2 protein chains.
Amino acid sequence: MTAAPSDRAPAIVLANGHYQSSYAKTAHGLVRGSARYRVLGVVDPSAAGRDAGELLDGVRRGIPISASVAEAVTAAAERPRFCIVGIATSGGVLPPELKQSLQEAIEQNMSLVSGLHDQLAADRALVAAARARGVELIDIRRPRAFGELHFWSGRILSVQTPRLAVLGTDCALGKRTTARLLVEACRDAGMRAEMIYTGQTGWMQGARYGVILDAIPNDFVSGELEHALLECHDHARPDVMIIEGQSALRNPSGPCGAELLLSAGARSVILQHAPGRTYFDGLEEHEVNIPSLADELALIRLYGARTLAIALNSQGIQPGERAPIRTRLEQEHGIPAVWPLEEGVARLVPLVRALCEGQPGAN
Amino acid sequence: MTAAPSDRAPAIVLANGHYQSSYAKTAHGLVRGSARYRVLGVVDPSAAGRDAGELLDGVRRGIPISASVAEAVTAAAERPRFCIVGIATSGGVLPPELKQSLQEAIEQNMSLVSGLHDQLAADRALVAAARARGVELIDIRRPRAFGELHFWSGRILSVQTPRLAVLGTDCALGKRTTARLLVEACRDAGMRAEMIYTGQTGWMQGARYGVILDAIPNDFVSGELEHALLECHDHARPDVMIIEGQSALRNPSGPCGAELLLSAGARSVILQHAPGRTYFDGLEEHEVNIPSLADELALIRLYGARTLAIALNSQGIQPGERAPIRTRLEQEHGIPAVWPLEEGVARLVPLVRALCEGQPGAN
């Protein structure tokens, strides 16, 4: 997951006005770490002057937040070569104020990187400006032509390497970060663990294998996912593949997860959960409840997989409540529970090792 | 579902070599009935000379099967204006022999209709021939631009009209046909029932509301489905919307169904099942078992929906076995079971009426 600093391209990240909300989860992921980009600064007038790491999770990382692109360039220790859209926007569109920042970045000779559905390449003004400056517009969610897509073949079913999916009971509660921490912890413990990304941020963070699921035509989702796993298996020969989940099995705004269990053949799950949340993220006005953990574990069992542990998100939870919640959940469900961001994921490593060693019943 | 014959465009259907397999399920649906096209003939050298209806289900429909496009035109009572690709092909591609038939159809002044992923408009020879003859190439699975797609809004959750999903334990076992028969039976019984199609054949059969799910970028599947339901609700003001399912909740080659229960808010299900099948359709070599009915009913319950009845597919089942199987399943699961193609769906109509009348616990 890590690369020598010199391999990584210097970049700034746009989070215009949203750095302190879950809309900026791409920016948060990039601040936490990327093997593809070296993040020099974040742009967000509403949090200018703060350290991006400290504001995110209390850990200073020397990444200043600036009020504008020009100020971010001035504040940076070296010239940024890329400007990355670090927020999800309503409807996936490029709003005017974001386009304004992107124009400023082009004028500062930066190439643009975006994972929004609304393509940079579809905006004439950005295309003209980029051409004039000789910089690139990189749309990582660019729809691909039919001939580039893979149908599901079933070959993955004969691959013995264990697949572990990090699913969640909701969106935006830390599935990708838990997957990333777990890959790093397993590598530190001597296992050849590979992360399979499934969203734009995973790609931006530099995971080598994966696919951006939400841009793929529905009929090819299972096949593209299988293809990413087979590529990883054939090239990296890992001991374990840890697959980043998307959304939640029962999120009405876009259920996801069955593909990871069935089409990717993940027989083991780490289930991310936010005990402080009542309603699905973004569905508060519709009052759609997040299902109970017990129900979610039963659902995962019906999909043929076993949940090894629960990973917890501390939104709305006081520090003093963490230990009692963990104890209660471990007693109720009979599996370990961890707070990954607060306590790390060391307790999950032996569970993954058991999978890799093929202990009876472990996969 | 029906239109005056004069409203329907005369057409022939290509099933080259596959009419007697489930690859030709689009052709089968069109032979069973379409409000969009009047099917004059089917092309399949391997079954030439037979009646397409009789070969399908023993009911003569006066639709001859011919060995070639030219012979189909000669055999037809009037000039066909459209030639429809009636088969699914491996990988969704247009194989050479199919292109040959399509060229012949253009030479006979027919416009082409295809629901394959491989676009007619991407084949230079077909494009040139169509231009020369002044006929159209209609790709019904044409990928749409970002700006044409809808995100899920949640508005459907406040719509009171009951939604009934016809799900299945496998692909290609009659979900669409059961949905269509049920819509017709409900209309005959005086209900305003609307079908929501989710695949290419539903569109070809002339259902007014729906979406071809498998061509949609994954992130927009739930929103496009919701949009189709809202359009139906706003324009047709139906008593009930009956949604065609795709694939199966646990089909590893591409699970589907959770969107219908969660994003479309279908709280009621008719579950189609083929008791004579052991492995998922197309996954026989991988020996992936179709899950048990009891398990599937439990899974549907976890998604917040209630299964009203089981609809059975008779593949591999002798006529004398039907009644005992029905009785056994009704006893095991405590809900009605029907053989739609063999006995009709009349027994399901009161269940739908109860939904429409909002009987306590009915939705």
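The values are calculated or read from the model by the stated rules, or taken from the named source; none is laboratory data. All figures in this text were calculated on a predicted structure; none of them were measured in a lab. Quick reminder, even Gly has a Cβ in these numbers, built from the backbone with ideal geometry, and neighbours come from all protein chains shown.
Taken over segment B:153-167, the criterion of being closer than 26 Å to B:Gly254 by Cα, of a type outside the set (A, V, I, L, M, F, W, C) and out of contact with any Ser or Thr (no Cβ under 8 Å at 6 or more places or on another chain) is satisfied by B:Ser153 alone.
Scanning for something touching a Phe, Trp or Tyr at 6+ places or on another chain (Cβ under 7 Å), more than 14 Å from chain A (Cβ to nearest Cβ) and surrounded by 19 or more Cβ atoms within 10 Å (Cβ to Cβ), does segment B:290-313 turn up at least one residue? Yes, segment B:290-313 contains a residue that is touching a Phe, Trp or Tyr at 6+ places or on another chain (Cβ under 7 Å), more than 14 Å from chain A (Cβ to nearest Cβ) and surrounded by 19 or more Cβ atoms within 10 Å (Cβ to Cβ).
With respect to the conditions (1) in contact with a Phe, Trp or Tyr (Cβ under 8 Å, 6 or more places away or on another chain); (2) closer than 30 Å to A:Arg141 by Cα; (3) not charged (D, E, K, R), B:Leu112 lacks only one, and its number is (2). Reported count of residues in segment A:43-92, each being of a type in the set (Val, Ile, Thr), exposed (fewer than 15 other Cβ atoms within 10 Å of the Cβ) and under 29 Å from A:Val127 (Cβ atoms), is 1.
The condition of being over 30 Å from A:Ser90 (Cβ atoms) and at pLDDT below 95 holds for only one of B:Thr169, B:Thr89, B:Thr74, that being B:Thr89. Of the residues screened, B:Asp234 is one that is free of Cβ contacts under 8 Å to residues at least 40 places away in the same chain, among the charged types (D, E, K, R) and surrounded by fewer than 24 Cβ atoms within 10 Å (Cβ to Cβ). When residues in segment A:8-53 are screened for being closer than 19 Å to A:Gly202 by Cβ and of a type in the set (Phe, Trp, Tyr), 2 of them pass.
Just one of the numbered conditions (1) touching a residue at least 24 places away in the same chain (Cβ under 8 Å); (2) more than 24 Å from B:Leu283 (Cα to Cα); (3) away from every other protein chain (no Cβ under 12 Å) is not true of B:Asp188: (1).
Picking from residues in segment B:350-363 that are at negative phi and in a loop (DSSP other than H, G, I, E, B), the one that is modelled with the highest pLDDT is B:Glu357.
This table checks each residue for (1) within 22 Å of A:Val183 (Cβ to Cβ); (2) of a type in the set (Gly, Ala, Ser); (3) free of Cβ contacts under 8 Å to residues at least 40 places away in the same chain; (4) more than 14 Å from chain B (Cβ to nearest Cβ).
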| residue | (1), (2), (3), (4) |
| --- | --- |
| A:Ala125 | no, yes, yes, yes |
| A:Ala129 | no, yes, yes, yes |
| A:Ala132 | no, yes, yes, yes |
| A:Trp152 | no, no, no, no |
| A:Val159 | yes, no, no, no |
| A:Arg163 | yes, no, no, no |
| A:Val166 | yes, no, no, yes |
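Scanning segment A:234-253 for residues that are within 14 Å of chain B (Cβ to nearest Cβ), within 25 Å of A:Ala309 (Cβ to Cβ) and of a type outside the set (A, V, I, L, M, F, W, C) yields A:Gly245, A:Gln246, A:Ser247, A:Arg250, A:Asn251.
To keep it simple, each residue is scored yes or no on (1) at pLDDT 95 or above; (2) buried (at least 24 other Cβ atoms within 10 Å of the Cβ); (3) touching a Pro at 6+ places or on another chain (Cβ under 9 Å).
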{"position": "B:Lys175", "(1), (2), (3)": "yes, yes, no"}
{"position": "B:Leu182", "(1), (2), (3)": "yes, yes, yes"}
{"position": "B:Ile196", "(1), (2), (3)": "yes, yes, no"}
{"position": "B:Asp219", "(1), (2), (3)": "no, yes, no"}
{"position": "B:Gln246", "(1), (2), (3)": "yes, yes, no"}
{"position": "B:Leu249", "(1), (2), (3)": "yes, yes, yes"}
{"position": "B:Leu260", "(1), (2), (3)": "yes, yes, no"}
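Considering (1) closer than 27 Å to B:Asn289 by Cβ; (2) surrounded by fewer than 22 Cβ atoms within 10 Å (Cβ to Cβ); (3) aliphatic (A, V, I, L, M), the lone condition that A:Leu283 does not fulfil carries the number (1). The set of residues from segment B:325-349 being of a type outside the set (Asp, Glu), under 15 Å from B:Ala179 (Cα atoms) and assigned to a helix (DSSP H, G or I) comprises B:Pro340, B:Leu341, B:Ala346, B:Arg347, B:Leu348, B:Val349.
On the stretch given as segment B:259-285, residues that are within 13 Å of chain A (Cβ to nearest Cβ) and touching a residue at least 12 places away in the same chain (Cβ under 8 Å) total 13.
Six or more apart or on different chains, Cβ atoms under 7 Å: show the pairs whose first residue is in segment A:302-313 and closer than 15 Å to A:Ala346 by Cβ and whose second is among the aliphatic types (A, V, I, L, M) and at pLDDT below 95. If the second residue must be among the aliphatic types (A, V, I, L, M) and at pLDDT below 95, no pairs are left. Could you list, in sequence order, the residues of segment A:216-233 that are more than 8 Å from chain B (Cβ to nearest Cβ), charged (D, E, K, R) and in contact with a helix residue (DSSP H, G or I) (Cβ under 6 Å, 6 or more places away or on another chain)? Across segment A:216-233, the qualifying residue is only A:Glu226.
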